[in-house]
Every structure is written in structure tokens, then in C-alpha cells.
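Everything below concerns the one structure shown next.
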Amino acid sequence: MQHTSVLLKEVVNGFENLQNGGICVDCTIGGGGHSEGLILKYPDISIIGMDRDPQAVRIAQERLSRFGPRIRIFQRSFSDLDDLLNEFGIEKVDAILADLGLSSFQIDEVERGFSFKRSGPLDMRMGLNDRSALDVINGYDAEEIERVIHDFSEERFAKRIASSIIKKRPITTTDKLVEVIFSSLPSYAKKDWKKVVTRVFQAIRIEVNDELTNLRKLLEISKGRLKIGGRIAIISFHSLEDRIVKYAFKEKEFIPITKKPVIPSDEERISNPRSRSSKLRISERV
Ligand SMILES: C[S@@+](CC[C@H](N)C(=O)[O-])C[C@H]1O[C@@H](n2cnc3c(N)ncnc32)[C@H](O)[C@@H]1O
């Protein structure tokens, strides 16, 4: 499935500081939709695009090739932004965008094991990873698995689920993991099993891809790399991410452009259900 960009109009309008051109970093270029929207609205900008996923890099390159060298795309993690800018001799940029979470084509590809709705191998790597979900589920000890589930999903049955995983190993497929999570729940909680499974999958994905650490690194790097008056926009998809962004934007280097997080309109939520949990925060470097 093609990826539909979330909060596209809101992101594009939020970077009004790009009206006279400038350099924009799209840290999560994915299917290329936000970058395309930005370059169409602000034709004098150039974009440095990044994605850790080689498939996203290929898709975005194809979609955006018509803009020639004004958009350059690299397979890198945004936690490497300092190194990438150093390689180009760029000191400061005018805009930084990160649209966190997954591209639709990543979720839809059974082989990548992100979705619990169909059986696939336990993988969940976005690209450039040291470990996969298979390593976490079958290699971590009970305390570590409990910590991952508890810290990254705030799931109250984390301990039960972790001990059940240890007993039922090896677990190599998504459907086996779903079965193990379901069987670990007390009977009164079984009716909500889908919510629990969604949370546990999210927690494992965050661990596999080191998502919160990378986000913290990006926010720190941004302070040194944004010009005064430059803007940063982050779209998050769950409260752990949003909390990190919210507190970073309260630091003295930033003033908020969005007082409250921007959320999708009813129309967008209906036409693109994957936008439902998204929150956009924009800040300006002062
Ligand atoms: C929601 S999608 C972005 C969609 C894009 N904004 C669009 O309009 O098509 C998120 C993308 O971020 C990428 N990603 C996640 N963490 C990353 C990281 N640390 N560095 C680079 N890319 C990352 C994922 O591989 C995924 O393709």
C-alpha cells in the first residue's frame, strides 16, 4: 500500500520560514509525501532526505527524481544527522522534520513481522539494526523482556507476559507470539487481548529499533544544527514519543509554534485511520 502522509497541510504550512528558500532535512522520508509537499510549496528549498529503510529510500528516490539534485536521499538513521551534515560541509539548516513511526509499506509487508494481524517471521527491523524481534524474544532474559514491555508500552501484565514468553520459547512467528500473549492474560482481561497485543508489539518494535534513544539524540542534535529562526516539526504516534518531544521543546533553545499538539481533522482520521494517534509539534530555534 502506498503511504499516505499524515497532517501534510499542517506540516507544510508550519514551515513558513522556508518561503525564501533554505535547507530542509526530512529525517524520515518514507514514501516521500511530506518532502514532495514541501518542495512544491517552497520551490527554492533543497532537501536532504534520510530513512533507515532501504526500501523507503528507493520508493522516495523514484517519486522525487523529477526534482533532480534539489532532493538528495540517503539510507541513514537520523541519529547520524551530525555526521551526514558534516560530510556535506553544512553547518546549519532551516528546517528539520521527523514523522516517526512506520511507513504503510513496512506494516503491510508480512515478511517484516510488524503486524500481528497475519502470520510472519518475528523481525520488526526498520533497517540498520543490531537486533531483530527474534533476538529480543528468544535471547533476552525474563527481567529484560518485562522491562521492555513495561517501559515501552506501560502494559500492566508485563511480568506475566514476560514469564510466559520465557516458558514457551522458541517463538519465531508473530502468530505464535500473539498466542503466547493471549494465553498469559487472566480470563477477565482476555476480552481486551487485541489492545494488549498491540501494545506489546509496539514495545518490542521500539526496543528493536532503539526508537526513543534515536529521538532523544535527534532533538539534541537539532539544537546545534538549526539556524536561529529555523523550525523543527515532529509527528509522534504514541504518548512516550510525544512526552519526549514536549519536554525537549520546553528547553531554552526553542519557542513553541504550536501551543498544543496539532491532531488530524475528523476528515483525515476517517480517510486515513493510521493518522488517528498522530500529534504534530512545531518549535522554532531561538
Ligand atoms: C511514517 S514514515 C514517514 C512517511 C513520510 N513522511 C511520507 O510522507 O511518506 C516513518 C519513516 O521513518 C523511518 N525511520 C524510523 N526511524 C528512523 C531513524 N531513526 N532514522 C531514519 N529513518 C527512520 C521509517 O523507516 C519510516 O520509513
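Using a 1.4 Å probe and counting only protein heavy atoms, arrange Glu16, Glu284 so the residue with the most accessible area comes first.
Numbers: Glu16 95, Glu284 40 Å².
Ranked from most to least accessible, the order is Glu16, Glu284.
Using modelled amide H (1.01 Å from N, peptide plane; none on Pro or chain starts), what sits under 5 Å from the amide H of Phe254, excluding residues fewer than 5 places away?
Answer set, sorted by chain and number: Val286.
Radius of gyration and Dmax for segment 110-209's Cα atoms, expressed in Å?
For segment 110-209, the Cα radius of gyration and maximum Cα-Cα distance read 12.1, 40 Å.
For Arg131, what accessible area in Å² do you get when you roll a 1.4 Å probe over the heavy atoms of the protein chains, rounding to the nearest 10?
60 Å²
From the Cα gyration tensor of segment 45-129, with a ≥ b ≥ c the square roots of its eigenvalues, which class applies: rounded if a/c is under 1.5, or else prolate if a/b is larger than b/c, or else oblate? Walk me through the numbers on the way to the answer.
Numbers: a/c = 2.79, a/b = 1.91, b/c = 1.46.
Prolate is the answer for segment 45-129, as a/c is 1.5 or above and a/b outweighs b/c.
Using amide H atoms built in the peptide plane, which far-off residues or other-chain residues are under 5 Å from Gly49 H to H?
Placed amide hydrogens put Asp26, Arg72, Ile73, Phe74 under 5 Å from Gly49.
What number, in percent, do you get for the relative contact order of the chain if the mean sequence gap of Cα pairs under 8 Å and at least 6 apart is divided by its residue count?
Result for the chain is 18 percent.
Tell me, how many Å apart are the Cα centres for segment 37-66 and for segment 134-206?
Going from one Cα centre to the other spans 37 Å.
Please turn the phi angles of segment 58-74 into ³J(HN,Hα) values with the Karplus equation 6.51 cos²θ - 1.76 cosθ + 1.60 (θ = phi - 60°), one per residue in order, whole Hz, x for glycine and proline.
The phi angles translate into 5, 5, 5, 4, 5, 5, 9, 4, 5, 8, x, x, 6, 10, 10, 10, 10 Hz.
Residue separation times 0.36 nm, minus the C-alpha to C-alpha distance between Glu267 and Glu91: what's the value?
Working: separation 176, 0.36 × 176 = 63.36 nm, distance 4.00 nm.
Here the segment from Glu267 to Glu91 would lengthen by 59.4 nm.
Report for the chain the percent antiparallel among DSSP-assigned beta bridges with both residues inside it, nearest 5. Before the final figure, lay out the partial values.
Values: 11 of 30 bridges.
Antiparallel bridges make up about 35 percent of those DSSP assigns within the chain.
What FRET efficiency comes out for the pair Arg72/Asn20, r = Cβ-Cβ distance, R0 = 22 Å, nearest 0.05? The partial results should precede the final answer.
On the way: r = 21 Å, r/R0 = 0.94.
FRET efficiency, Arg72 to Asn20: 0.60.
Short version: ³J(HN,Hα) in whole Hz for each residue of segment 274-281, in order, from phi by Karplus 6.51 cos²θ - 1.76 cosθ + 1.60 (θ = phi - 60°), x for Gly and Pro, what are they?
The phi angles translate into 5, 7, 3, 8, 6, 9, 10, 10 Hz.
Find the percent of Cα-Cα distances in the chain that exceed 32 Å, and round it to a whole number. Numbers along the way, then the final one.
Values: 10894 of 40755 pairs.
Roughly 27 percent, rounded to a whole number.
With each pseudo-label sitting 7 Å past Cα toward Cβ, what's the Lys260-Ser119 distance in nm, one decimal?
Distance between label points: 4.6 nm.
Would you mind checking which residues have amide H under 5 Å from Leu226's amide H? H placed 1.01 Å from N; only 5 or more apart, or other chain.
Placed amide hydrogens put Val93 under 5 Å from Leu226.
Step through the residues of segment 204-215 one at a time and calculate ³J(HN,Hα) from phi using the Karplus curve (6.51 cos²θ - 1.76 cosθ + 1.60, θ = phi - 60°), rounding each to whole Hz and writing x for Gly and Pro.
Each residue's phi maps through the Karplus curve to give 5, 4, 4, 5, 4, 9, 6, 5, 6, 4, 5, 5 Hz.
Once every DSSP H run of n ≥ 4 in the chain is given -39500 (n - 2.57) and the sum is divided by its residues, what mean residue ellipticity at 222 nm do you get, rounded to the nearest 500 deg cm²/dmol? Please report the intermediate quantities before stating the final value.
Values: 13 runs with 129 residues, N = 286.
Result for the chain: -13000 deg cm²/dmol, rounded to the nearest 500.
Using a basic spin-label model with each label point 7 Å from the Cα along Cα→Cβ, how many nm lie between Glu179 and Val110?
For Glu179 paired with Val110, the spin-label model returns 1.6 nm.
Hey, if you drop one equal point scatterer on each alpha-carbon of segment 186-236 and run the Debye formula without solvent, what base-10 log of I(q)/I(0) do you get at q = 0.18, 0.24, 0.27, 0.31 Å⁻¹?
-0.72, -0.92, -1.01, -1.12
The values are calculated or read from the model by the stated rules, or taken from the named source; none is laboratory data. From a predicted model like this one, the values you see are computed outputs, not experimental measurements. No Cβ is skipped: glycine too gets one built from the backbone with ideal geometry, and neighbour counts run over all protein chains shown. Please note that ligands, DNA and RNA were not included when accessible areas were found on the heavy atoms of the full protein model with its side chains. Shrake-Rupley method; radii C 1.70, N 1.55, O 1.52, S 1.80 Å.
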